[in-house]
Amino acid sequence: MHVNLELVAREAKKTVGSGDVIIVIDVLRCTSSIITALANGARSILPVRTLREARQLHQEHPSYILAGERGGLKPIGFTLGNSPLGFKREIVSEKNIIVTTTSGTAAISRVIKGRHVLLGALLNAKFVAEEAYTIGKREGLGISLALSGKKGSFSLEDFLGAGAIIESLPARRIECSDAAYASFLVFTAAKGSLTMIIQQGNHARNLKNLGLEKDVVFCSQLNQYNVIPRLENGRIVKKIADVRVY
Ligand code: MLT
């Protein structure tokens, strides 16, 4: 099975054309927050690109929770920001949540037409890997990982997230592109000190300056949730991982 990695968000759309199973990754913090929200019982997530769309959708569905960030901070009038630690069970259980973030939901919008779109992060790396492999094997497809990065540029933590996912794929049954293989090699080298290494990255330093360092530590954890977010008709819903099949 072919495994491809798009390093910057503007290339993410290519993954739709490839027909591959797509995994969108935004470790800090969008996909980590969505995974946490679903793990804590959220019914669905509606990812939207702009604040205006988010507010309009909220007017149409006032019972939905409005969440997201601009510049890392909660926009005016929103109930939640983009901190995974804010998506607590008592707030999100059984709720639908409208989410807009600077880069993460923009990357998701780029692949919204994909047939199989999953969301990944360190928090669910091995579970999303198993699901993507199972779908790919069943339908004769490859896997494309799309990094959301920060405002379209490369980001270290997303690269590590891709490497963590690739490490959980069956090595003898996949053929990686050079970028995919490089992410696996870097992840393997970084695995023992993930939090410390992610803290050195640009985005983690920005979050620290905003007083959000706890989010960085939380999002640096590996395989905490067996939750696989999946796009279905523009909404993100969850699948709980099955028992390993390969
Ligand atoms: C984004 O989608 O741009 C990020 O999740 C930013 C953030 O850390 O809030």
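Tallying residues that are within 15 Å of the chain's Cα centre (by Cα), away from the ligand (no atom under 16 Å from the Cβ) and hydroxyl-bearing (Ser, Thr, Tyr) within the stretch 137-169 yields 1. Residue pairs whose Cβ atoms lie under 6 Å apart, separated by 6 or more positions or on different chains, with the first residue in the stretch 19-45 and closer than 13 Å to residue 90 by Cα and in a loop (DSSP other than H, G, I, E, B) and the second away from the ligand (no atom under 11 Å from the Cβ) and among the small types (Gly, Ala, Ser), are 41/93.
The residues of the stretch 22-81 that are among the acidic types (Asp, Glu), in contact with a Ser or Thr (Cβ under 8 Å, 6 or more places away or on another chain) and away from the ligand (no atom under 12 Å from the Cβ) amount to a single one, 53.
Any residue in the stretch 105-117 that is within 13 Å of the ligand (Cβ to nearest atom), of a type in the set (Val, Ile, Thr) and either assigned to a helix (DSSP H, G or I) or open to solvent by 10 Å² or more (accessible area, probe 1.4 Å) (or both)? Yes, because at least one residue in the stretch 105-117 is within 13 Å of the ligand (Cβ to nearest atom), of a type in the set (Val, Ile, Thr) and either assigned to a helix (DSSP H, G or I) or open to solvent by 10 Å² or more (accessible area, probe 1.4 Å) (or both).
Looking only at the stretch 30-45, which residues are open to solvent by 10 Å² or more (accessible area, probe 1.4 Å) and not polar (S, T, N, Q)? Show your work before the answer.
We begin by selecting, within the stretch 30-45, every residue open to solvent by 10 Å² or more (accessible area, probe 1.4 Å); these are 39-41, 43.
Hits for the stretch 30-45 are 39, 41, 43.
A single entry from 157, 175 fulfils the requirement of being open to solvent by less than 10 Å² (accessible area, probe 1.4 Å), in contact (Cβ under 8 Å) with a residue 40 or more places away in the chain and touching a His at 6+ places or on another chain (Cβ under 8 Å): 157. Among the residues of the stretch 78-86, is there at least one that is in contact (Cβ under 8 Å) with a residue 40 or more places away in the chain, closer than 21 Å to residue 127 by Cα and buried (at least 21 other Cβ atoms within 10 Å of the Cβ)? Within the stretch 78-86, one or more residues are in contact (Cβ under 8 Å) with a residue 40 or more places away in the chain, closer than 21 Å to residue 127 by Cα and buried (at least 21 other Cβ atoms within 10 Å of the Cβ).
Every residue in the stretch 46-77 that is on the phi > 0 side of the Ramachandran plot and surrounded by fewer than 17 Cβ atoms within 10 Å (Cβ to Cβ), please.
Matches in the stretch 46-77: 71, 77.
Scanning the stretch 218-235 for residues that are loosely packed, with under 14 Cβ neighbours inside 10 Å and either of a type in the set (Asp, Glu) or assigned to a helix (DSSP H, G or I) (or both) gives a single hit, 232. Residues of the stretch 129-157 that are part of a helix (DSSP H, G or I) and closer than 20 Å to residue 215 by Cβ: 156, 157.
The values are calculated or read from the model by the stated rules, or taken from the named source; none is laboratory data. In this text, all values refer to a predicted model and were calculated from it rather than measured experimentally. Note: ideal-geometry Cβ built from the backbone for every residue, glycine included; neighbour counts use all protein chains shown. Accessible surface areas use protein heavy atoms only, side chains included; no ligands, DNA or RNA. Shrake-Rupley method; radii C 1.70, N 1.55, O 1.52, S 1.80 Å.
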